[in-house]
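Q: To start, I am sharing the structure in question, which I have written as structure tokens.
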Amino acid sequence: MQSLYFGDLKVEVPIIQGGMGIGISMSSLASAVANEGGLGVISAAEIGMIEDNFSTNPREANKTALIKEIRRAKKLTKGVIGINLMVPLTDFTELTNVSIQEKADILFFGAGLPLTVPIDEIKKSGIKTGIIVSSGRSAFLILKYWDRHYGILPDGIVVEGPKAGGHLGFKYEDINNPNFALEKIVPEVIEAIKPFQGKNGKKIPVVAAGGIYTGKDIYKFINKLGADGVQMATRFVATYECDADIKFKEAYINCKKEDITIIKSPVGLPGRAIRNKFLIDVENGKKQPFKCIWQCLKGCNYKESPYCITQALVNAQKGRLAGGFAFAGANAYRIKEIVSVKNLMDSLVQEYEKVASE
């Protein structure tokens, strides 16, 4: 495997551990991946759930927790640590600034078009940036906007396909449409950003994400489809170092292929999750009681929501799956045991090298 570069930031093994909120990928998982040469990512989404004052002052709790987790990760590793920042978060700008102040290595902006970002602070800090997209068109629009309005370009692009877990950037009818498969959209993004490649001497790497499971998959996307690296999230859930409760991990181990389903999230997006009693009750029209402690996502109409997505995901992270559910990628059913991050990374590299030598 060749190393992955975001500008002069080197990732020894071209595997990014995808950011998983709420509380699934924090300092424990991210640092373990970074220690194996990959890029470990902390999700900033409602990270304050680990703080005692989350229910009374979630905005402050999120900032406090993010500071703690970045500092802890930096103590645990000398490797590369990134932060996943969802554009629709109400405190997106604040959490971005915290990430800059705490000197994260790279910021990944996703779940929307990152057109309004604290670019002056990013420029001064020298911190690298990555954008997460689901089409060549969105990649082109973002790069054009940043180039025209900010005079800089992102340092990398993650292309997330419809087999990913969690909220998806696709219409329901496109999720299983082969024209929107990751194998189709990675080359489209590579083609779409060609006008920006090499500008100011800058190469923008393209990273494939969503449904990548084996070293053979990694080989295909890097050596056959032109990606510079891959992002994987689902595979890192069933690791000892993952920050989720053991019951969350067991939901992955125990699920069957038919249990993985597409849901309509209260925030209006399709999402992929492991079907359980909570989701079956929602399907049957049962409204899950909740109290909205604050509007964590811009545009969320909590008064019409059958449940609070944040509350459900916090419950799941803590192992209380009767009050929530686990987001998961399309291949989660293939996971049969909990392993260490080291063993997982080693096996992926070995699988890749086996295919490369054939």
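All of the numbers you see were taken from the coordinates with simple rules; none came from a lab. Computed from a predicted structure; not experimentally measured. All Cβ positions, even for glycine, are placed from backbone atoms using ideal geometry, and neighbour counts span all protein chains on display.
Q: Distance in nm between label sites at Lys298 and Ile280, each 7 Å beyond Cα in the beta-carbon direction?
A: Here the answer is 3.9 nm between the modelled labels.
Q: Count charges around Ile122 for me, please; just the other residues with Cβ under 14 Å from its Cβ, Lys/Arg as +1, Asp/Glu as -1.
A: After counting each charged neighbour, the total is -1.
Q: Could you run the Karplus curve 6.51 cos²θ - 1.76 cosθ + 1.60 with θ = phi - 60° over the stretch 21-27 and give me ³J(HN,Hα) per residue in whole Hz, x for Gly and Pro?
A: x, 9, x, 7, 10, 10, 5
Q: Which pairs break 26 Å Cα to Cα here: Lys291/Lys336; Lys224/Lys256; Lys257/Lys318; Lys171/Lys199?
A: From Lys291/Lys336; Lys224/Lys256; Lys257/Lys318; Lys171/Lys199, over 26 Å: Lys291/Lys336; Lys224/Lys256; Lys171/Lys199.
Q: Taking Lys74 as the anchor, which lysines have their alpha carbon closer than 20 Å to its alpha carbon, excluding any fewer than eight residues away along the same chain?
A: Of all the lysines, those that pass the test against Lys74 - Cα under 20 Å, at least 8 places apart if same chain - are Lys10, Lys63, Lys103, Lys128, Lys342.
Q: Continuing with the same structure: Below 8 Å, C-alpha to C-alpha, sequence gap of six or more: please give me the relative contact order for the stretch 246-323 in percent.
A: About 34 percent, as a whole number.
Q: When only DSSP loop residues count, what GluC sites (Glu not before Pro) in the stretch 1-102 have their Cβ near at most 14 other Cβ atoms within 10 Å?
A: Passing sites in the stretch 1-102 do not exist.
Q: Provide the net charge surrounding Pro306, with neighbours chosen by a C-beta distance below 12 Å and charges set as Lys +1, Arg +1, Asp -1, Glu -1.
A: Combined, the nearby Lys, Arg, Asp and Glu give +1.
Q: Got a sec to turn the phi values of the stretch 92-106 into Karplus ³J(HN,Hα) couplings, 6.51 cos²θ - 1.76 cosθ + 1.60 with θ = phi - 60°, whole Hz, x for Gly and Pro?
A: For the stretch 92-106, the Karplus-derived couplings read 3, 5, 4, 5, 5, 5, 4, 4, 5, 4, 8, 6, 4, 7, 8 Hz, x marking Gly and Pro.
Q: If you add up the charges near Tyr333, with Lys and Arg at +1 and Asp and Glu at -1, over every other residue whose beta carbon is less than 10 angstrom from its beta carbon, what do you get?
A: Residues near Tyr333 contribute +2 overall.
Q: Right, something else. May I ask you to derive the relative contact order of the chain, considering only C-alpha pairs under 8 Å and at least 6 residues apart, and to give it as an integer percent?
A: 18
Q: Using amide H atoms built 1.01 Å from N in the peptide plane, name the residues 5+ places from Ile260, or on other chains, whose amide H lies under 5 Å from its own.
A: Under 5 Å from the amide H of Ile260 lie the amide H atoms of Arg275, each far enough along the sequence or on another chain.
Q: Amide H of Thr129: which non-local residues (sequence gap of 5 or more, or other chain) have their own amide H closer than 5 Å, using H built in the peptide plane?
A: Here Leu107, Asp155, Gly156 satisfy the definition.
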